[in-house]
Amino acid sequence: MTPSPLRDLPAVPKLLDHPALADFTACEIVTHEVRDVLAGWRERLLSGRAPEPPTFDALAHEVAARLVAKARPSLRPVINATGIVLHTNLGRAPLAESAADAARAAALGYLNLELDLSTGKRSSRQDAIRAGVCHVTGAAAATVVNNCAAATILVLRTLAAGREVIVSRGQLVEIGGGFRIPDILAVSGATLREVGTTNITRVADYAAAITPATALLMRVHASNFRIRGFTKSASLAELVALGKAHEIPVIDDVGSGMALDLAPFGLPGEPSVREGLSAGADLVIFSGDKLLGGPQCGLVAGRRDLVERLERDPLMRAFRCDKMTLAALEATLRLYRDPAQARRELPVLRMLTTPLAELRGRAELLRDALHGVAAEVTVRDDTAYVGGGSLPDIALPTVVVAVKPHAMSEGELATALRTGDPAVLARVQAGEVLLDPRAVFDRDFDALVKVLRAALV
């Protein structure tokens, strides 16, 4: 009679005593993993998918590997060597040190989130950010919710539910993740009234569509695409004049939230929040975690009476920001009191305005640090993009380190980097892995070299 292969599997207590598991705290989770591993091997042995059981040591190391993997956070730091500063998949804008410190302090203790310390009475959590937003935008009033889509829904629901909102067909954009302006309008309870064509929409098209049911005129910035050639769109000034003539508010959704002019740094074409309000828009909607350089949130700035209506809407409670976001946003806005300080301390602005000569120096340092690896490593000029749906047609001149591995494909190298510790994200192109230093923090340089050398042994 052939002995059962199961007899060679150790008992649970014996496996728990293996030295490989000594560093793990004896608890139910460890016991569960031991039992789960043994159960898996029993099933494979009985089904014939495994001819014989693993060794005692192999079993223990399998359990240890599973415990290590489960202890590792799902969300963990990544070194962004793609050159894309506002990388949506990597969390968009990294916070300034002062903003991160403010969020941490808010998370670790109590703060006067909704308490006026001078009177001892309840206050609004919006008070923390109003002055900062108004300073940056020139608005009379402002409020914040948890993202820009929420801000758009809140504005449309509060000011136009059951009525019509006029939008150019050329501005019915998809903002990413499958979310489209027509869908957002539908969710808000407002009715979309399309005017014009994809490439041509004149102010006369808006005027012809106005009826007693019209609640708003809305301009949506085409932040993540551009239409070239035979095109025309009504200017914001024209829409404002039309809105005033008919006493209809004008909403300007500018998307990226640019607060400082980036044109001197080769990044023209993105509307600033202040420009929209200066042109007469009644409300301007924008993101906090793109070109503003703050945490994820959506901001609305403009007329005080309209902002007050937004804050009275019951949906405001569902969309409100938590204490960490508000603390980080307040600290971010405080940096804009000095534009030079904002460019220096906000990572997004610093990265976007880094001189090409400085990028070249960083790239050469990285190339030199990879001397002797099993790859061809060169430095060359290239281009990158802002990302996050901002300035989609502006190519940023940059300098990259191109790595062409000898013993593996470029895809295999990219996978090794992505699964390294820490994870490294790079670009794969034409047989090479391209590493752009633009969005790599100085503090991550040594770790980047370590992961690259480990992958290219």
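The values are calculated or read from the model by the stated rules, or taken from the named source; none is laboratory data. Fair warning: this is a prediction, and the values are worked out from it, not measured in the lab. Glycine also receives a Cβ, built like all others from the backbone with ideal geometry; neighbour counts cover every protein chain displayed.
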(request) Considering each of Ala141, Ala96, Ala149 in turn, give the residue that is in contact (Cβ under 8 Å) with a residue 24 or more places away in the chain and in contact with an Asp or Glu (Cβ under 6 Å, 6 or more places away or on another chain). (result) Ala96
(request) Please work out if Leu329 is in the same structural domain as Pro271 (by TED's automatic domain parsing), part of a strand (DSSP E or B) and modelled with pLDDT of 95 or more. (result) no
(request) Name every residue in region 114-150 that is among the charged types (D, E, K, R) and part of a loop (DSSP other than H, G, I, E, B), in order of residue number. (result) Glu114, Arg125
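Yes/no matrix, rows are residues, columns are (1) charged (D, E, K, R); (2) touching a Cys at 6+ places or on another chain (Cβ under 6 Å); (3) at pLDDT 95 or above:
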position	(1), (2), (3)
Arg202	yes, no, no
Leu217	no, no, yes
Gly243	no, no, yes
Gly257	no, no, no
Asp261	yes, no, no
Gly276	no, no, no
Ala281	no, no, yes
Gly293	no, no, yes
Cys297	no, yes, yes
(message) Suppose we filter Thr211, Thr201, Thr119 for residues that are in contact (Cβ under 8 Å) with a residue 40 or more places away in the chain, more than 25 Å from Gln296 (Cα to Cα), polar (S, T, N, Q) and in the same structural domain as Val273 (by TED's automatic domain parsing); which single one remains?
(response) Thr211
(request) From the list Arg157, Arg125, pick out the single residue that is of a type in the set (Lys, Arg), in contact (Cβ under 8 Å) with a residue 12 or more places away in the chain and within 19 Å of Val187 (Cα to Cα). (result) Arg157
(request) Looking only at region 54-113, count how many residues are buried (at least 20 other Cβ atoms within 10 Å of the Cβ), assigned to a loop (DSSP other than H, G, I, E, B) and polar (S, T, N, Q). (result) 1
(request) Among the candidates Arg334, Arg343, Arg360, Arg317, single out the residue that is under 24 Å from the mean Cα position of the chain (by Cα), under 21 Å from Ile84 (Cβ atoms) and assigned to a helix (DSSP H, G or I). (result) Arg343
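Pick from Val300, Val307: which is in contact with a strand residue (DSSP E or B) (Cβ under 7 Å, 6 or more places away or on another chain), more than 22 Å from Val85 (Cβ to Cβ) and in a strand (DSSP E or B)?
Details: Val307 fails: in a strand (DSSP E or B).
Within the list Val300, Val307, the selection yields Val300.
One line per residue, one yes/no per condition, for (1) surrounded by fewer than 17 Cβ atoms within 10 Å (Cβ to Cβ); (2) out of contact with any Gly (no Cβ under 9 Å at 6 or more places or on another chain); (3) without any contact (Cβ under 8 Å) to a residue 12 or more places away in the chain:
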position: Gly411; (1), (2), (3): yes, yes, no
position: Thr415; (1), (2), (3): yes, yes, yes
position: Ala439; (1), (2), (3): no, no, no
position: Leu452; (1), (2), (3): no, no, no
